[in-house]
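Single-structure report; data block below.
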Amino acid sequence: MPWFVWLLAAAALGVAEFFTLTLVLGLLAGAALVAAVVAGVGIGLLGQLVALAAATAAGLVLVRPLALRQMAQQPVTHEGSDALIGRRAEVMQEVTATHGLIKLSGEEWSARALDESLVIPVGALVDVMEIDGAMAVVYPRELLP
């Protein structure tokens, strides 16, 4: 069987997988690509069929369960004030261990420094480390003078 027939079969199976999203037809398409390589090397039809069967079995036994497990996991999403953690902000009013003001995501937030010994000047860029009630706990992005 010529190698290009296996490539056509792989393309057809890939298109079918696109519309069904079962993961089975995609694995068969990959197995058909393996058979195309085997055919291209010059191995006969029996070798091609063995390669097709081995690649299909490996895909169904090894790859599909891993893919299904990965797809079943819920994506990590941060909502509310948790979504602000890790964001960059600009200091609008000097930030100390007890008070300050930053501009975060277009809004002004009360802030305090994570390190109680720091005084962060106006205009400095900070990272939001946590949200404590209605106050952002921040740390400077760069070393302060």
Give the angle, between 0 and 90 degrees and rounded to the nearest 10, that separates the Cα long axis of helix 3-20 from the longest principal axis of the Cα atoms of the chain. 50
Give me the net charge of Leu118's neighbourhood, meaning all other residues with Cβ under 11 Å from the Cβ of Leu118; Lys, Arg count +1, Asp, Glu -1. -2
Relative contact order of the chain, please, whole-number percent, based on alpha carbon pairs below 8 angstrom and at least 6 residues apart. 15
Computed curve, region 43-98, Cα-only Debye sum without solvent term, log₁₀ I(q)/I(0) at 0.18, 0.26 Å⁻¹, is -0.82, -1.02
Based solely on its DSSP helices, what 222 nm [θ] is calculated for the chain when runs of n ≥ 4 H residues each add -39,500 (n - 2.57) and the sum is averaged over all residues, nearest 500 deg cm²/dmol? -13500 deg cm²/dmol
At a 1.4 Å probe radius, carbon and sulfur cover how many percent of the accessible area of region 5-118? 65
Enter the angle in degrees (range 0 to 90, nearest 10) between the Cα long axis of helix 24-41 and the first principal axis of the Cα atoms of the chain, meaning the one along which they spread out most. 60
The answer for the chain, accessible area per residue at 1.4 Å probe in Å², is 64
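The values are calculated or read from the model by the stated rules, or taken from the named source; none is laboratory data. Quick caveat, the model's predicted, so the values are computed rather than measured. A quick note on method: Cβ atoms are made from the backbone with ideal geometry, for glycine too, and the neighbour counts reach across all protein chains shown. Only protein heavy atoms, including side chains, enter the accessible area calculation; ligands, DNA and RNA are left aside. Shrake-Rupley method; radii C 1.70, N 1.55, O 1.52, S 1.80 Å.
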